[in-house]
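The values are calculated or read from the model by the stated rules, or taken from the named source; none is laboratory data. Just so it is clear, the structure is predicted and the values come from calculations on it, not from any experiment. Heads up, the Cβs are rebuilt from the backbone with ideal geometry, glycines too, and the neighbour counts pull from every protein chain shown.
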Amino acid sequence: MSETLREQCYYGCLFCVTGREEEVSRELERRMGVRAIVPVRQHYFRRQGSFEVLEDRVFPGYVFFASDDPDIPVTQLSIVERAIRVIRYDAESWVLRGDDAKLAERLFKCGGVIELSRARFVDGRLRILDGFLKPYENDIRKVDRRHRVAMVKTRINDREVEMWLGYYLDEE
């Protein structure tokens with residue numbers, strides 16, 4: 001598959017041994033010819049009174065992949081070393097649907113790196129001005145002002161997953 005994603009792109013997800021996501025990603029790309037990502041988030045880390053921007057995995061144990069061929073056999077994807085299971089809705093198809101597909105598409109559009117979202121506090125509430133967090137603004141469950149992260153709950157294959165995503169304040 002070419003570096004740029006084509007018009008008709010199908011997204012999938014593999015659950016693997018936590019900590020081995022990069023290995024699984026490389027093997028998927030090498031063996032299957034798909035583009036794979038291990039999503040990371042940028043967030044602030046306070047060190048000696050100043051902030052540094054660090055990156056951490058958003059979904060430990062998950063590797064997302066994209067292909068222009070929706071007919072890759074599930075059994076082929078399942079033999080990837082350290083893979084636990086292919087996320088799927090039925091026995092034959094690995095192609096993500098609905099909100100899962102939308103999340104995967106957004107992750108690929110940002111290259112797998114969720115950058116800090118631009119935000120502002122209005123009447124004590126965090127307002128997202130732009131960035132990855134924008135569509136999730138109404139779904140923010142918690143805000144950690146000290147570490148400048150907001151927690152959003154989403155679902156992957158009907159399992160609830162928390163995303164702690166970083167933001168920066170617009171007035172800075």
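Descriptive notes on the structure:
- Residue count, the stretch 150-161 (criterion: within 13 Å of the chain's Cα centre (by Cα) and surrounded by 13 or more Cβ atoms within 10 Å (Cβ to Cβ)): 5
- Pair list, Cβ < 6 Å and 6+ apart or interchain, from the stretch 108-134 residues that are under 18 Å from residue 43 (Cβ atoms) to residues that are surrounded by 18 or more Cβ atoms within 10 Å (Cβ to Cβ) and of a type in the set (D, E, K, R): 114/41
- Residue-level analysis places residue 106 among those that are at pLDDT 90 or above and in contact with a Phe, Trp or Tyr (Cβ under 9 Å, 6 or more places away or on another chain).
- Look at (1) on the phi < 0 side of the Ramachandran plot; (2) more than 16 Å from the chain's Cα centre (by Cα); (3) at pLDDT 90 or above and you find that residue 147 fails only one, number (3).
- Residues (surrounded by fewer than 18 Cβ atoms within 10 Å (Cβ to Cβ) and among the hydroxyl-bearing types (Ser, Thr, Tyr)) located in the stretch 43-78: 50, 75, 78
- A count restricted to the stretch 71-107 and to residues that are assigned to a helix (DSSP H, G or I), within 17 Å of residue 31 (Cβ to Cβ) and in contact (Cβ under 8 Å) with a residue 24 or more places away in the chain stands at 2.
- Positions within the stretch 46-84 being at positive phi and out of contact with any Asp or Glu (no Cβ under 9 Å at 6 or more places or on another chain), in sequence order: 48, 49
- Any hit, the stretch 130-140, residues being assigned to a helix (DSSP H, G or I), in contact with a Cys (Cβ under 9 Å, 6 or more places away or on another chain), surrounded by 13 or more Cβ atoms within 10 Å (Cβ to Cβ) and of a type in the set (Asp, Glu): no
- Candidate set from the stretch 79-117 (those that are over 11 Å from the mean Cα position of the chain (by Cα), among the aliphatic types (A, V, I, L, M) and closer than 13 Å to residue 62 by Cβ); member that is surrounded by the most Cβ atoms within 10 Å (Cβ to Cβ): 96
- Only a single item in (1) in a helix (DSSP H, G or I); (2) at positive phi is not met by residue 111, and it is number (1).
- Those residues of the stretch 47-68 which are outside any strand (DSSP E or B) and within 20 Å of the chain's Cα centre (by Cα), in sequence order: 58, 59, 60, 61, 68
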